[in-house]
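This report concerns only the one structure given below.
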Amino acid sequence: MSPKVTVYITSHNYGRFLEQAIESVLHQKFTNWELIIIDDGSIDDSRAVIKRFEARPNVHIVFQENRGLLVSSNIALRLSKGQYIMRLDADDYLDENALLVLSNILDTHPEIGLVYPDYYLVDERGEILSVERRNKLGKEMTLYDVPAHGACTMIRKSCLMEVGGYSEDFTCQDGYDLWVKFVDRFGIYNVNVPLFYYRQHGKSLTKNAERILRTRRMIQRRHTAHKRKERPFNVIGIIPVRSQSHEEAAYALRPVGGRPLIDYTIDAAVSSEAFTQVVVVSDDADVLAYARKRQGLIALERPVELARPNTPIEPTIRLAIESAGVKAQIEAFMLLYVNSPLRREHHINSAIDTMLLFDVDSVISVYEDLATHYQHVGSGLKPLMRRRRLRLEKEALWVENGAVYLSKLSHLKVSGYLGERIGHIVMLKQESLQIDSEEDVALVEFLLSRQRSGEHVEHGVLIHG
């Protein structure tokens, strides 16, 4: 009889964790499974560990040269005989009920193509650090822009085949590509029970946040390319600078890293090629004169009454759209303030891709706040989370960093421009720095020097994958 579930493990030099991963499959309460173990060119003791299981029934072993996770995943997909398939990373392990619970969801919900559980976060020794609780889809979560964990997600094999399997174009993958492929085509379900143990250690993929975010942006570009080709999405970029508030005009032309601060925002906006038009709108004559020297944008005078302190931004947005002469074609606008010099063109593109992928009203840029926050409740300070070891997705804190504000024109009101469904792009905390003081200037210059010195290394990572 063919197995109902295929679990596959790929290991590249994870021999010290591998036995626990394999044993967690062998000890499942659900017994109608097969296990495919792929040693992906390991040079540690992975081969010796795997060979101890080669005589076990329903265990299939592949030894190969190093080909990477996604190539190995497609090899497992081709070899699999199960109706459902799950990847188990070699450094993680399953709760004994995982296959029973997840396969039952797919058995009883034929409309569901992918199901994923909550999980335990553990350290290198397997000590539980926290319980990671996800929002309940369809109840607590109606905007599906936060993907499931890449591993320990059970997928209906026929659905995975229908979307073309795993894309081998992205060397760093946390499940985002598969999630984007599935959300518009198949039902998705989550089980609010922790059913696997996700290990964080020195080589964990999640430690390399920059690489993950870069790969997600590449995936977004891939998936929105056909939408942008079929029908252009017209967005205007607005760079507002006022001389009467927060010394914006003075900072706009202040040299930072050898260039006027405003250059970083103009360069990001113009080089992104995402905008129908880019408009610098200001009441400051020097800022306007400087902007008129730059190619690819409009310099627009901002009336004094729209530039006073505490004046809302909405009238200036309307002025920029109307004066650009493209109001009829504009579908969305993006505010780009000059005091966010570490925002780049890929952040702009990612915000627009997010709007297209998930059909949100607005998109803002954020960074994740991992600090513990407290409230004073009269008797003293109390942590906002009920238990320090329980992390609820709905209690996660995201900080608006002021770098990107994208909104559909239909949501521009007299007072307010963000719609009800607000999506987000994640930026690293160091990318989110805003210049509001001379101390900020010094820190930004330091970060810019680090970026310049590391530019060649970063390109090397991209080339060598």
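The values are calculated or read from the model by the stated rules, or taken from the named source; none is laboratory data. Bear in mind that the values here come from a model prediction, so they are computed numbers and not experimental data. When we count neighbours, we look across all protein chains shown, and the Cβ atoms used for this are built from the backbone with ideal geometry, even at glycine.
Could you say whether any residue in the range 267-278 is in a strand (DSSP E or B), closer than 18 Å to PRO341 by Cα and in contact with a strand residue (DSSP E or B) (Cβ under 9 Å, 6 or more places away or on another chain)? Taking every residue of the range 267-278 in turn, at least one turns out to be in a strand (DSSP E or B), closer than 18 Å to PRO341 by Cα and in contact with a strand residue (DSSP E or B) (Cβ under 9 Å, 6 or more places away or on another chain).
It is to be established whether one or more residues within the range 232-240 are modelled with pLDDT of 75 or more, over 27 Å from LYS408 (Cα atoms) and outside any loop (DSSP other than H, G, I, E, B). There is no residue in the range 232-240 that is modelled with pLDDT of 75 or more, over 27 Å from LYS408 (Cα atoms) and outside any loop (DSSP other than H, G, I, E, B).
Within the range 93-114, is even one residue closer than 19 Å to ASN13 by Cα, assigned by TED's automatic domain parsing to the domain that holds LYS157 and modelled with pLDDT of 95 or more? Yes: the range 93-114 contains one or more residues that are closer than 19 Å to ASN13 by Cα, assigned by TED's automatic domain parsing to the domain that holds LYS157 and modelled with pLDDT of 95 or more.
Being in contact with an Asp or Glu (Cβ under 7 Å, 6 or more places away or on another chain) and either under 14 Å from ILE75 (Cβ atoms) or among the aromatic types (Phe, Trp, Tyr) (or both) is the filter here; which residues of the range 4-61 pass it?
First, the residues of the range 4-61 that are in contact with an Asp or Glu (Cβ under 7 Å, 6 or more places away or on another chain): 6, 10-15, 17, 21, 27-29, 41, 46-47, 49-50, 58, 60-61.
Matches in the range 4-61: THR6, THR10, SER11, HIS12, TYR14, PHE17, GLY41, HIS60, ILE61.
Taken over the range 350-362, the residue count meeting the criterion of being within 13 Å of the chain's Cα centre (by Cα) and either more than 20 Å from ASP184 (Cβ to Cβ) or of a type in the set (A, V, I, L, M) (or both) is 2.
Residues that are under 29 Å from HIS109 (Cα atoms), of a type outside the set (Val, Ile, Thr), in the same structural domain as LEU99 (by TED's automatic domain parsing) and assigned to a helix (DSSP H, G or I) are absent from the range 35-48.
The residue that is surrounded by the fewest Cβ atoms within 10 Å (Cβ to Cβ), counting only those in the range 355-374 that are touching a helix residue (DSSP H, G or I) at 6+ places or on another chain (Cβ under 7 Å) and closer than 28 Å to ARG450 by Cβ, is TYR367.
Among the residues of the range 360-381, those identified as in a strand (DSSP E or B) and touching a strand residue (DSSP E or B) at 6+ places or on another chain (Cβ under 7 Å) are SER362, VAL363, ILE364, SER365, VAL366, TYR367, GLU368, ASP369, TYR374, GLN375, LEU381. Do we have any residue at all in the range 338-357 that's of a type in the set (A, V, I, L, M), in the same structural domain as LEU253 (by TED's automatic domain parsing) and over 20 Å from VAL404 (Cα atoms)? Looking through the range 338-357, none of the residues is of a type in the set (A, V, I, L, M), in the same structural domain as LEU253 (by TED's automatic domain parsing) and over 20 Å from VAL404 (Cα atoms).
Rundown of residues vs (1) under 28 Å from ASP169 (Cβ atoms); (2) buried (at least 19 other Cβ atoms within 10 Å of the Cβ); (3) hydrophobic (A, V, I, L, M, F, W, C), yes/no style:
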position	(1), (2), (3)
SER2	no, no, no
GLN28	no, yes, no
TRP33	no, yes, yes
ILE38	yes, yes, yes
SER46	yes, yes, no
ILE50	no, yes, yes
VAL71	yes, no, yes
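Residues in the range 296-327 that are over 13 Å from GLN277 (Cβ atoms) and either in a loop (DSSP other than H, G, I, E, B) or acidic (Asp, Glu) (or both): GLU301, ARG302, PRO303, GLU305, ALA307, ARG308, PRO309, ASN310, THR311, PRO312, ILE313, GLU314.
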